[in-house]
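Asks: Attaching a single structure in structure tokens format; questions to follow.
The values are calculated or read from the model by the stated rules, or taken from the named source; none is laboratory data. Please read these numbers as outputs of a predicted model, since none were measured by experiment. Heads up, the Cβs are rebuilt from the backbone with ideal geometry, glycines too, and the neighbour counts pull from every protein chain shown.
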Amino acid sequence: MQFAICIHRELTLFAGPIFSREALTTPRRLRHFLIRTGYVAGLFVLMYTAGQATFGWQQVRSLGDVAHFGNLIFQIFSLLQMTLVLFFGMLFAAGNIAQEKDRGTLILLLMTDLRRREMVLGKLLASLLLPLVLVATSVPVFCVTLLLGGVAPDQVAWAVGLCLAATFASGAWGGLVAFWREKTFQTLAICVLGLVLFLGAVEAVVALAGASSMVGGVAGFLNPYRALLAVMNPFENYGGLNYSQVAARSVAALSLLAIGLIGVSIARLRVWNPNQASFAPPKTEKADATGATRVRHRTIWDNPVIWREMCTRAYGRRMVLIKLVYYAIAAVVGWSLWSSSGSGELLLGVVSPAGIGFVALGLLTLLLVNAQGVTSITTEKDTKTLELLLVTDITAKEFVFGKLGGVLFNTKELILIPLSLIGWQLAIGGVGIENSVYVLLSFLALIGFAAMLGLHAGFSFDNSRSSIANSLGTMFFLFIGIVIFMILLVEARSSFFLQFQSFLVFILVGSIGLYASLTHRNPSVALSLAASGLPFLTFYAITEFLLHGTLGVCFSILTAYGFTTIAMLIPAISEFDTALGRSTLDKG
């Protein structure tokens, strides 16, 4: 206890009052304890589901089988937690700072006598408090795998250490981008794309220089997944290093990377903030020969909301930078598919290399579309312009459909590139016309779901950080759940009825979580049906896909995600004030 108090005191002196306030107020909130308890409970539910999928209802007598199961659980927990801390560490840090900028409170902090170090480290540590606490609460769950066998104590220690180092590195990256950029969507998009591009660049350097070379070895230490895979496979040799040495070097490399990113943020804090554009003098209008001032008027469409989304710089001046980074990632994926010529190994025995490329770009697109959707609402709330829009004669349909149209327009290149990959595979004969149509319809249904989920979360939560975390978190957990489903289903290799029994608890927990997310403010029968049916239909789509089904997969995706999209859309356009938590009636 005294040790914990001393650590808290030292961090307070080093990070400043921002972190001190967060560390003192966070434990007083009920949500803090619910999240910790829910995370541990979710890990145990995953362990139970994996046990049912592996052993079923039979009695296990072999110690070797139990040890194999313990190793499997350790691998799943390690990969899951690493992915969670990378994503949410970056998201929380970026969202926390972006909210300060949108509300105009960051300038107030800059006017105080806080040092740059106290501001940067205070915001970073305050944002990472929840991810770090979740990593700490997972340690007893990881220790359970030691009782099953197949896992050594130092493997658990290095896995937790890698997660902590990755949390700081991703949080430092999110903080740097948030201090640098002004618009929330640009911050989130650059964070996600930058993380993907960084991991891809590291693997490219390792592939070109060779894993055994000095350059390739040093670059490999910057990829936490590479070091984590070494920890999960302790009996292999990695260029003359054992897994402990690889993990130690990776922790050191990630820590140095985090320190470097934090140093850049500290050095450039008052250069980037406040934005120099805020000090630019107002533009003067030109005068004609008679001396009269000429004012240039822009023609506004019948729906001014979608006109603003499409014809103005509502999301910043450098949107092209985000698209260029996405183009670079898509080019790398296309080049890898072209060089492999379809001869790569099938993922889980069913997904081709072209399918892997499409899934990677598709998931990235869905995250960015969702981020565009939720920030289109949270930005209006934080800048106090939503209330101004609501007192005009703009109807609910104009506002909602205008926002949806703006989301799809601003991300049109991101949507078309995965679709062009389908067309390329159709042209070279890699996929048939029927399957291409199924993939096209399913992908468009997911795009609509991602966009509407972002708007729905923006309407449902008053706090911008809660809206962004809930929206992107729902998408993220859907992707993680699908991957876990596929891994465990391939491991089980049993009938659909036995598989459904094994995954029933996992599906029910997913339904409860989705219900809490969708019905946060305004519960309805349609949203309840959507929350209960979507995980089950997703499970059916995965099993049907693994059994090489096509029409059933498409039909279940269209039914599940299409119905959920409509269930979120109808209240938004028919009960708009209720969706925003207002008591006034909507205009006709």
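Asks: Farther than 25 Å from THR550 by Cα, touching a residue at least 24 places away in the same chain (Cβ under 8 Å), acidic (Asp, Glu) and in contact with a helix residue (DSSP H, G or I) (Cβ under 9 Å, 6 or more places away or on another chain), is that true of GLU413?
Replies: Working: farther than 25 Å from THR550 by Cα: yes; touching a residue at least 24 places away in the same chain (Cβ under 8 Å): yes; acidic (Asp, Glu): yes; in contact with a helix residue (DSSP H, G or I) (Cβ under 9 Å, 6 or more places away or on another chain): yes.
Yes, satisfied.
Asks: Taking into account only those residues within the range 220-242 that are in a helix (DSSP H, G or I) and over 23 Å from the mean Cα position of the chain (by Cα), which is surrounded by the fewest Cβ atoms within 10 Å (Cβ to Cβ)?
Replies: Pass one, the range 220-242, residues in a helix (DSSP H, G or I): 220, 224-232.
From the residues that got through so far, the ones that are over 23 Å from the mean Cα position of the chain (by Cα) too are 220, 230-232.
Working: GLY220: 24, ALA230: 23, VAL231: 25, MET232: 19.
That would be MET232.
Asks: Kindly check whether there is at least one residue in the range 473-494 that is closer than 30 Å to GLY70 by Cβ, at pLDDT below 90 and among the polar types (S, T, N, Q). Talk me through it step by step, then tell me what you get.
Replies: Filtering the range 473-494 for residues closer than 30 Å to GLY70 by Cβ gives 473, 476-494.
Now drop any that are not at pLDDT below 90, which leaves 473, 476-494.
Adding the requirement that they be among the polar types (S, T, N, Q) leaves 494.
Within the range 473-494, one or more residues are closer than 30 Å to GLY70 by Cβ, at pLDDT below 90 and among the polar types (S, T, N, Q).
Asks: Picking from THR112, THR83, THR54, THR137, which residue would you name as being surrounded by fewer than 23 Cβ atoms within 10 Å (Cβ to Cβ), free of Cβ contacts under 8 Å to residues at least 24 places away in the same chain, assigned by TED's automatic domain parsing to the domain that holds HIS32 and of a type in the set (Ser, Thr, Tyr)? Full working, then the answer.
Replies: On the way: THR83 fails: free of Cβ contacts under 8 Å to residues at least 24 places away in the same chain; THR54 fails: free of Cβ contacts under 8 Å to residues at least 24 places away in the same chain; THR137 fails: free of Cβ contacts under 8 Å to residues at least 24 places away in the same chain.
Matching residue, one of THR112, THR83, THR54, THR137: THR112.
Asks: I'd like to know if the range 57-64 contains one or more residues that are of a type in the set (Val, Ile, Thr) and in a helix (DSSP H, G or I). Can you show your working first?
Replies: Step one: of the range 57-64, the residues of a type in the set (Val, Ile, Thr) are 60.
Pick out the ones that are also in a helix (DSSP H, G or I) and you get none.
For the range 57-64, residues of a type in the set (Val, Ile, Thr) and in a helix (DSSP H, G or I): absent.
Asks: Still on this structure: Could you say which residue among THR395, THR383 is surrounded by fewer than 19 Cβ atoms within 10 Å (Cβ to Cβ), farther than 26 Å from THR565 by Cα and not aliphatic (A, V, I, L, M)? Don't jump to the end; show me each part of the working.
Replies: Working: THR395 fails: farther than 26 Å from THR565 by Cα.
Step by step, each of THR395, THR383 is checked, and only THR383 is surrounded by fewer than 19 Cβ atoms within 10 Å (Cβ to Cβ), farther than 26 Å from THR565 by Cα and not aliphatic (A, V, I, L, M).
Asks: If the requirement is being more than 25 Å from ALA516 (Cα to Cα), of a type in the set (D, E, K, R), in contact with a Leu (Cβ under 7 Å, 6 or more places away or on another chain) and modelled with pLDDT under 80, which of these qualifies: GLU100, GLU10, GLU22? So that I can check it myself, show each step before the final result.
Replies: Numbers: GLU100 fails: modelled with pLDDT under 80; GLU10 fails: in contact with a Leu (Cβ under 7 Å, 6 or more places away or on another chain).
The match here is GLU22.
Asks: Could you tell me whether the range 176-187 includes any residue that is closer than 22 Å to PHE221 by Cβ, without any contact (Cβ under 8 Å) to a residue 40 or more places away in the chain, assigned to a helix (DSSP H, G or I) and not β-branched (Val, Ile, Thr)? Break it down into steps so the answer makes sense when it comes.
Replies: Kept after step one, since they are closer than 22 Å to PHE221 by Cβ, are these residues of the range 176-187: 176.
When the remaining residues are screened for being without any contact (Cβ under 8 Å) to a residue 40 or more places away in the chain, the result is none.
Within the range 176-187, not a single residue is closer than 22 Å to PHE221 by Cβ, without any contact (Cβ under 8 Å) to a residue 40 or more places away in the chain, assigned to a helix (DSSP H, G or I) and not β-branched (Val, Ile, Thr).
Asks: Could you list, in sequence order, the residues of the range 205-214 that are over 14 Å from TYR238 (Cβ atoms) and either outside the structural domain of ALA253 (by TED's automatic domain parsing) or at pLDDT 85 or above (or both)?
Replies: The answer is VAL205, and nothing else.
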